[in-house]
Structure formats: C-alpha cells, structure tokens
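Each remark here refers to the structure printed beneath this line.
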Amino acid sequence: METLRNALITSSCKYSKEHKEILKFIKNIDSFLRCPKNYSEGEKRIKKSIDYTLIAKPISSVITNYEPITADPIRNDYDDFKLFYYCLYLLCFDGSEASCKAMDDITDKAILNKNPNLKALRYYFSLFKETKAIKPLYEKVETYFNSISHLVESNIWAKDIGLIVPEKSWFIEFTLGTDSTPYIAPSLEKGIIIKVSVTGKPKGNGASWAIDINNKEGTIYGNYGMYYDGTDVYEIVIDRKENVSTNKAIITTVELTVKPSLLNFHSLLDELEQILKIKFVRKMRFSYFTKGIKNKKAVDKWLTMSKIKQ
C-alpha cells in the first residue's frame with residue numbers, strides 16, 4: 001500500500017502553492033519525535049506554523065483512502081503513523097465540511113471494525129469537542145464507547161473485586177515479584193516480575209489491560225493484552241541465549257494453556273509458577289493508582305484469593 005507521505009506529495013500539482021505547503025507540513029512533522037499530546041502542542045506545530053486551510057482539502061481527499069489507524073506504530077512505519085495523526089489534528093483545526101466528512105468516514109470505518117486506535121480518535125476529538133464542527137464526531141465516538149462499557153474487562157474486574165473507580169477515566173499499575181524484600185526501584189528488582197496495567201479507558205476493541213512478565217536478565221518474558229497483537233496462541237519465553245557465531249538469539253518458548261486476562265489471573269499465575277518452577281508473592285510490590293480510586297486494598301485482597309468469580 002502506498003504510504004500516506006507519498007500519497008500527500010502526489011495529491012497536488014508539483015508547482016502549486018498547495019504542494020509547497022504540503023512539503024513544508026511533512027518536513028515540520030518529520031522534526032517531531034511523537035504525535036501531539038495536547039491542544040496547545042498541536043496548535044503550535046500546525047496552526048501557527050503552516051497555512052493549514054490551504055492544504056486541508058488535498059489532505060481530506062487522500063486520508064480516507066489510507067488507513068494508518070489500523071497500523072501498529074511499532075511494527076509498521078511509525079513516521080507514517082505519526083503523520084496520520086498530525087493530519088487528523090490539521091483537519092480538526094480546519095473544521096470545513098470536506099474535513100469533517102473525511103473524519104466522519106474514518107470514524108465510521110473504525111467503529112465498524114472495532115479498531116483499537118479508536119481510543120486515539122476519542123482523545124483528539126475531545127480536544128475540539130466544544131467546536132461546532134467536531135462536537136458530532138466526538139459524540140459519535142463517545143456513544144460507541146458507552147455501548148461497549150459493560151463488556152470491558154477492566155470494568156467487570158473492578159466491580160467483581162469491590163474496587164471503586166471513577167465513571168470516566170482511571171488507571172492502575174502494580175507489580176508482583178518472587179522476591180519478598182521491600183521494593184526500592186525498577187533497576188534494582190530481583191527475580192521475576194509481573195506488571196499489570198489496567199485502564200478505565202479501553203481501546204476501540206475493548207482491550208483494557210496488559211500483563212507483562214520478565215526478569216532483569218531478559219531471558220524470561222511474556223507480554224499480553226492491550227499493547228500487543230491479538231492472538232489465539234499465548235507463549236512465554238523461558239530461555240534466551242545469544243549465539244555469537246550466527247549473531248542470532250536461541251529462544252525457548254512454552255505455550256500457555258490459560259488465556260491471559262484479569263479474570264483468569266489466578267489461573268495464569270498458577271501456570272506460570274508451574275512452568276518456571278517459582279512462587280510469586282501474591283501482594284502488590286509496587287502500585288500506582290490515579291486520583292478518585294477508592295478501596296485500593298481490594299486489589300491486595302483479590303490477589304490472595306484462590307480465584308475470581310467468572
């Protein structure tokens with residue numbers, strides 16, 4: 001598939017004002033390491049640095065035929081992925097009928113496919129939700145997320161264990177370890193560590209948690225949940241050795257019989273302990289809770305349970 005960069009460059013006559021402004025826009029974006037994280041950052045990098053009204057039309061005509069929203073920014077062209085979201089920002093600033101039509105088409109397609117990156121659309125539209133042009137787009141995305149709220153595993157988990165969380169946005173991160181000494185810092189951790197991340201703002205496919213397991217040496221690891229590709233096969237790396245002669249790693253994996261999830265967490269721990277011949281201390285070693293979360297002790301109580309109700 002043609003990259004968004006090339007599609008934009010060829011979308012206008014080589015000697016036109018639009019073409020020159022598109023090249024300037026792309027050059028500006030190339031100088032940034034990441035997507036804009038707030039309104040003022042986007043305003044500074046787009047609204048105040050280029051003539052965005054001049055290039056909104058060619059961008060809106062190209063962007064609907066390009067689907068980087070489905071791309072994984074780690075495994076695909078990150079520069080193109082980043083460019084897509086800057087284009088989205090530009091169209092939000094423009095707010096013309098053509099720009100809104102393009103964003104509406106992208107939103108409809110993403111909702112139809114339950115695209116994980118709908119979460120990003122939700123965030124960017126929220127920055128412009130007070131504007132007449134973008135408000136309907138924001139409301140459409142919010143309606144979708146409200147419709148799947150009862151299916152989101154983080155919400156089910158929080159209710160089951162008695163954790164009281166804010167209605168809209170919340171985040172928890174905690175770790176478990178095999179070492180019972182007091183927690184000091186990540187760089188000083190010993191043994192095997194499990195990190196659990198849980199959010200009240202799911203991705204577009206409903207994914208709301210991540211479970212990572214690793215040791216300091218990098219010879220044992222497994223990554224599951226919202227930050228990783230969906231799969232029906234779950235494995236854990238139990239050994240990794242570098243082959244000096246071939247400059248390649250020799251990796252030994254074991255397939256898990258338990259599907260990793262919050263609701264299967266105790267069964268997952270049991271299987272990991274059996275495979276790795278270890279014992280986890282079932283208590284939060286390190287924890288972080290965003291504001292508004294109450295009854296935090298419910299997580300430690302849940303960890304000591306033999307199982308969670310399914």
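The values are calculated or read from the model by the stated rules, or taken from the named source; none is laboratory data. This structure is a prediction, so every number in the text was calculated from the model and none was measured. Positions of Cβ are backbone-derived with ideal geometry, glycine not excepted, and every protein chain shown enters the neighbour counts.
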Single condition Lys119 does not satisfy, out of (1) outside any loop (DSSP other than H, G, I, E, B); (2) of a type outside the set (A, V, I, L, M, F, W, C); (3) outside the structural domain of Asp108 (by TED's automatic domain parsing): (3)
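Per-residue answers, yes or no, for (1) in contact (Cβ under 8 Å) with a residue 40 or more places away in the chain; (2) among the hydrophobic types (A, V, I, L, M, F, W, C); (3) under 25 Å from Ala185 (Cα atoms); (4) assigned to a loop (DSSP other than H, G, I, E, B):
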position	(1), (2), (3), (4)
Pro202	yes, no, no, yes
Thr219	no, no, yes, yes
Arg240	no, no, yes, no
Thr246	no, no, no, yes
Ile278	yes, yes, yes, yes
Ser287	yes, no, yes, no
statement: Over the stretch 1-27, the set of residues within 25 Å of the chain's Cα centre (by Cα) and closer than 12 Å to Asp51 by Cβ is none
query: Within the stretch 1-38, how many residues turn out to be in contact (Cβ under 8 Å) with a residue 60 or more places away in the chain, over 18 Å from Tyr89 (Cβ atoms) and either polar (S, T, N, Q) or part of a helix (DSSP H, G or I) (or both)?
result: 1
message: What's the total number of residues in the stretch 133-158 that are modelled with pLDDT under 95 and of a type in the set (Lys, Arg)?
response: 0
- prompt: Thr181 versus (1) free of Cβ contacts under 8 Å to residues at least 12 places away in the same chain; (2) farther than 28 Å from Ile278 by Cβ; (3) hydroxyl-bearing (Ser, Thr, Tyr); (4) in a loop (DSSP other than H, G, I, E, B): which is the lone unmet condition?
  reply: (2)
task: Looking only at the stretch 76-97, decide whether some residue is under 24 Å from Asn6 (Cβ atoms) and exposed (fewer than 14 other Cβ atoms within 10 Å of the Cβ).
output: yes
message: I'm trying to understand the selection: among the residues of the stretch 7-32, which are under 15 Å from Asn65 (Cβ atoms) and either of a type in the set (A, V, I, L, M) or outside the structural domain of Leu90 (by TED's automatic domain parsing) (or both)?
response: Ala7, Leu8, Ile9
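Which residue, of Asn146, Asn155, is assigned to a helix (DSSP H, G or I) and in contact with a Gly (Cβ under 8 Å, 6 or more places away or on another chain)?
Details: Asn146 fails: in contact with a Gly (Cβ under 8 Å, 6 or more places away or on another chain).
When all the criteria are applied, what remains is Asn155.
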- prompt: Within the stretch 61-68, can one find any residue that is under 29 Å from Thr199 (Cα atoms), at pLDDT 80 or above and surrounded by 15 or more Cβ atoms within 10 Å (Cβ to Cβ)?
  reply: no
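Is it fair to say Leu188 is more than 24 Å from Gly206 (Cα to Cα), assigned by TED's automatic domain parsing to the domain that holds Gly206, in contact with a strand residue (DSSP E or B) (Cβ under 7 Å, 6 or more places away or on another chain) and not β-branched (Val, Ile, Thr)? Break it down stepwise before answering.
Values: more than 24 Å from Gly206 (Cα to Cα): yes; assigned by TED's automatic domain parsing to the domain that holds Gly206: yes; in contact with a strand residue (DSSP E or B) (Cβ under 7 Å, 6 or more places away or on another chain): no; not β-branched (Val, Ile, Thr): yes.
Considered against the rule, which asks whether it is more than 24 Å from Gly206 (Cα to Cα), assigned by TED's automatic domain parsing to the domain that holds Gly206, in contact with a strand residue (DSSP E or B) (Cβ under 7 Å, 6 or more places away or on another chain) and not β-branched (Val, Ile, Thr), Leu188 comes out as no.
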